[in-house]
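Participant: Quick one: the structure is below, questions incoming.
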Amino acid sequence: MPAVLAVAVVAVAFATLMVRLQVTRGGYAASQTKAQVMELRQENRRLRLEVARLTSHARLRRLAGRFGLGPARAGQLVVVP
Amino acid sequence: MNSGWRRRAARIGALAAMLCGLLGLVLLRLILLVSVDGAELVKLARVEHTSALKLAAVRGAIVDRSGRPLALSAQAQSVYARSAALLGRTTSAERARLARALGASPARVEALLRRGAPFVWLGRQLEPAKAAQVGKLGLAGVGLVTEYRRFYPEGALAGSVVGLAGLDGQGLSGVELRYDATVRGAPVKLRLYHDALGHQMLYAPVASDQAVVGARLELTLDLSLQALAERELRDEVAASGARAASAVVLDPFSGELLVLANVSAQADPQDGRLHDGAIQDAFEPGSTIKGILAAIALADGVVRPQTRIFCEQGKFRVDKAVIHDEGRHGWLELGDILEVSSNIGAAKIALALGARRYYDGLVAFGFGHKSGIDLPGEASGLLGGLRQWRRVGLATRGFGQGLAVTPLQLAVAYAAVANGGAIVRPYVVKAAYDSAGSAIFRQTPQVLRRAISPAVAHTVNTLLRRTVAGQHGTAHLAQVADFTVAGKTGTAQMVDFRARRYLKGRSVASFVGFLPAEAPRLVVLVVLYDVGPGHFGGLVAAPVFREIAAAALRGLNVAAPGPRFVEASLLGAVSEGAGQQASSAAGIEAADLSARSLAPAAADGRAPDFAGLSLRRALVLARRLGVTVSASGHGYVVRQEPLPGTSLSGHSLALFLAPDGRDGRPASRPSKTVGRANRARRRASG
């Protein structure tokens, strides 16, 4: 009986240790993911800025001019009531 | 044997007792550690295993009414130095390399380091490539800090409204300053757990960095229209030699500002963001005030539209001063006075009204105090104390001399005429949203007070149309094709505030108006400061008004009221708008369009032949006939119902279009002239 009890105690201790180990590993992984999320968010901000720069009014106007495009002039648009 | 066993047992017992004693001591120590020193030790462990990371606040984006970004924040790195460490542990050659990486001169970096300060910023908010270069050098005493930098992707466009944010993320001017608390966000401190080797661990929930993002502000400005207005102003400043110019486009019913543009002859991007002339600069309104004077006088009952006023043949003495008109006028009605912009007529109305009533009327229209726009630094304008409103002062104020208004005040006053008499509070920020996209607040239109009755507003609206469309009107150049414009020109002398006198030959030219006059949608104001002689408001400001107003109406999809169309403007627009490549085809088509006999169709109600026309031209033709059109497909008209020559019963017409102008069905064949036009079009495009 004491032997069984001793084995049970050791088993529970071992299981607790394993769980604790898993939690630690999970903590590391979560931490890395969190850092990745933050990095990606920064990247997203940079890319949004890049999009805004590339689609800025002045740049699009300049590019459109090269292809002979421009805003609609008077008479080119007919608004139907 | 027994004695040996006993000795061994005694030794084992002693060892066991010793071990038990030691265990007891360990247990005792453990109990003491937990119960006595526990709290202190936990605190120490926390210090050892945790570190704090401060995440800088991210300013929210500022976007126009369509969501196009005007201000954004992104990470940038700043480089600092601990002077003593850097100077003591690096060579001058290494520091020169550092300076090159920063894009600065070595002498400047040395001077900064030897200034005596222990901490020095070597570069703030650098481009990522530069910061990476500095990091690669790995010099002792040099560190990198991540900060958020404000970017303005549209450059100087709408700069005076958006304003400026400083290096430390604080608003300095414009919307950035006024809504600083909303857009700024809050820095967040994260507590990170790490092990003995410094690896980060995540045991406790870590706060999200979402919380630090400031609100996204949505402006009422229309970026395309703002760009157009700034471009038109810039061109006119260059052409007229003006020192600066401003334009305001306002929704007269809501107070939303679609454009608030300022242009200076000496373009300084920094100053352009710090100063907003449209709300901060006051000028003498000149004749533009006559429209408001007319409204006040009509509301007071001192004049009626039919009241005739003698304009003294161009010369009128008030005490010691003599007031002149541009021409010699005799008896004029109120509408005539506005049409020819008679100073004498306006002066006589002001004198009849009296100082107190005119003053109160101007105050009711919003002059002399701030309009309440949600931008910082707004000026109140200047009406002067009533004591200055004696006979001469009152007479000259009748035609806009001796008082100062901001462009925005003038636009708001005309908005009241346009909207039926209500003074609305102008605003530039439509709404603010948090990072999850939920609205923090939405601006709602706000009527501050009533300046005049709707009936008076309607009368003034009708009279102001004569300035633009009347035979002797001063603002024919403000006419916008298809639309009726009501407005008033102004040309006032520039004031030298230091010398307290008018500058000879320098003036402020302006035009303020609204359209469509029958159902106003927009108030547009254009002011050009410090223009030379001969640059009247009707000559320099009115054309800018026309361009801005026409583009604004197109942008808002405002249809012209009724099927009116001027033949000449139609043909001009067609040949101008079609572009060089297609000009020959467009010319043929335009000629073809004008050649189609509308008179018989209009007379006996028969449908003309629309075949071969583009949708745009078909719509123009239909409008002239007063016919409602429904169209399907794209390209050129291939079929129509009712058929050409048949009755236009019910005044509606269905058009069917195909890209190549050829109908798969044999129902209707293009006429010979249309066939020629199509062939010419294909030749031109091929």
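Participant: Just from its helices, what would the mean residue ellipticity at 222 nm be for chain B, if runs of 4 or more DSSP H residues each count -39500 (n - 2.57) and the sum is divided by every residue, rounded to the nearest 500 deg cm²/dmol?
Facilitator: -12000 deg cm²/dmol
Participant: Using Cα positions and a limit of under 24 Å, work out the lysines in reach of B:Lys43, with same-chain residues fewer than 8 apart set aside.
Facilitator: Within the straight-line limit of under 24 Å, B:Lys43 reaches these lysines: B:Lys54, B:Lys189.
Participant: How far is it, in nm, from the label point at B:Leu33 to the one at B:Ala104 when both lie 7 Å from their Cα along the line to the Cβ?
Facilitator: 5.1 nm
Participant: Can you give me the long-range amide H partners of B:Ala631? Hydrogens built in the peptide plane at 1.01 Å from N, cutoff under 5 Å, separation of 5 or more residues or another chain.
Facilitator: B:Leu655
Participant: With a 10 Å Cβ neighbour count serving as the proxy for reagent exposure, in which order, fewest first, do B:Leu477, B:Leu260 appear?
Facilitator: Going from sparsest to densest Cβ surroundings: B:Leu477, B:Leu260.
Participant: Ok, one more. What is segment B:306-355 by shape, rounded, prolate or oblate, if you read a ≥ b ≥ c off the alpha carbon gyration tensor as root eigenvalues and call it rounded for a/c under 1.5, prolate for a/b larger than b/c, and oblate otherwise?
Facilitator: Because a/c hits 1.5 or more and a/b fails to exceed b/c, segment B:306-355 counts as oblate.
Participant: While we're looking at this one, here's another question. At a Förster radius of 25 Å, what calculated FRET efficiency corresponds to the Cβ-Cβ distance of B:Ala519 and B:Ser632, to the nearest 0.05?
Facilitator: Efficiency computed from Cβ-Cβ geometry: 0.25.
Participant: Can you give the translational diffusion coefficient of chain B in µm²/s, computed by Stokes-Einstein from the Kirkwood radius over Cα pairs at 37 °C and 0.692 mPa s?
Facilitator: So the translational diffusion coefficient is about 106 µm²/s.
Participant: Working only with C-alpha atoms, what are the Rg and Dmax values of segment B:298-437, expressed in angstrom?
Facilitator: 18.2, 68
Participant: OK, next. Using only alpha-carbon positions, what ratio does the radius of gyration of segment B:72-120 give when scaled by 2.2 N^0.38 Å?
Facilitator: The reported ratio for this selection is 1.24.
Participant: To continue, here is another question. Calculate the translational D of segment B:387-528 in whole µm² s⁻¹ from Stokes-Einstein, where the hydrodynamic radius comes from the Kirkwood formula applied to all Cα pairs, the temperature is 37 °C and the viscosity 0.692 mPa s.
Facilitator: 188 µm²/s
Participant: Apply the Karplus parameterisation 6.51 cos²θ - 1.76 cosθ + 1.60, with θ equal to phi minus 60°, to every residue of segment B:5-11 and state each ³J(HN,Hα) to the nearest whole Hz, in sequence, with x for glycine and proline.
Facilitator: 4, 5, 4, 5, 5, 5, 5
Participant: Oh, and also: Determine the sum of side-chain charges near B:Leu375: Lys and Arg each +1, Asp and Glu each -1, restricted to other residues whose C-beta is under 14 angstrom from that of B:Leu375.
Facilitator: -2
Participant: Taking the alpha-carbon centroid of each part, what is the distance from segment B:275-307 to segment B:469-521 in angstrom?
Facilitator: So the separation of the two Cα centres works out to 12 Å.
Participant: At most 16 other Cβ atoms within 10 Å and a DSSP loop assignment: could you name the trypsin sites (Lys or Arg not before Pro) in segment B:475-559 that fit?
Facilitator: Here the sparse-neighbourhood loop sites are B:Arg498, B:Arg500.
Participant: How much length would be gained if the chain were fully extended between B:Arg391 and B:Glu641, taking 0.36 nm per residue of separation minus their Cα-Cα distance, in nm to one decimal?
Facilitator: So the chain would gain 83.1 nm between B:Arg391 and B:Glu641.
Participant: Pulled fully out, how much extra length does the chain show between B:Ala265 and B:Ala111, if you take 0.36 nm times their separation in residues and subtract their Cα-Cα distance?
Facilitator: 51.7 nm
Participant: At a Cα cut-off below 15 Å, give the aspartates and glutamates reachable from B:Lys370, other chains included and same-chain residues fewer than 8 away excluded.
Facilitator: B:Asp276, B:Asp281, B:Glu378
Participant: Quick one: grab Rg to one decimal and Dmax as a whole number for segment B:226-555, Cα atoms only, in Å.
Facilitator: Values for segment B:226-555 (Cα only, Rg and Dmax): 18.7, 68 Å.
Participant: Given the C-alpha atoms of segment A:2-65, compute the convex hull and give its volume per residue in Å³.
Facilitator: 54 Å³
Participant: Let me ask you something else. For segment B:46-102, what are Rg and Dmax over the alpha carbons, in angstrom?
Facilitator: Taking only Cα atoms of segment B:46-102, I get Rg and Dmax of 19.8, 55 Å.
Participant: I need the Kirkwood Rh of segment B:214-290: take the reciprocal of the average 1/r across all distinct C-alpha pairs and report it in angstrom.
Facilitator: 13.9 Å
Participant: Label-point separation (nm) for B:Val447 and A:Ala72, each offset 7 Å from Cα along Cα-to-Cβ?
Facilitator: My value for the distance between the label points is 3.3 nm.
Participant: Just the projected area, averaged over all directions, of the convex hull on the alpha carbon atoms of segment B:101-145: how many nm²?
Facilitator: Mean shadow area of the hull around the Cα atoms is 3.2 nm².
Participant: Excluding residues fewer than 8 places away in the same chain, name every one of the aspartates and glutamates whose C-alpha is closer than 15 Å to that of B:Lys348.
Facilitator: B:Asp300, B:Glu312, B:Asp319, B:Asp325, B:Glu333, B:Asp336
Participant: Give me the distance in nm between label points sitting 7 Å out from Cα along the Cα-to-Cβ direction at B:Ala9 and B:Arg308, one decimal.
Facilitator: Going from the B:Ala9 label point to the B:Arg308 one covers 14.8 nm.
Participant: Quick one: Debye curve from the alpha-carbon atoms of the protein assembly as shown only, equal weights, vacuum; give me log10 I(q)/I(0) at q = 0.05, 0.10 Å⁻¹ to two decimals.
Facilitator: -0.43, -1.10
Participant: Give the order of B:Lys189, A:Lys34, B:Lys430 when sorted by the count of other beta carbons within 10 angstrom, beginning with the fewest.
Facilitator: Ordered by Cβ neighbours within 10 Å, fewest first: B:Lys189, A:Lys34, B:Lys430.
The numbers here are math on the coordinates, done by the rules we state, and not lab data. The structure presented is a predicted model; accordingly, all values stated were derived computationally and were not measured. Here the Cβ is made from the backbone with ideal geometry for all residues, glycine too, and neighbour counts use every protein chain on show.
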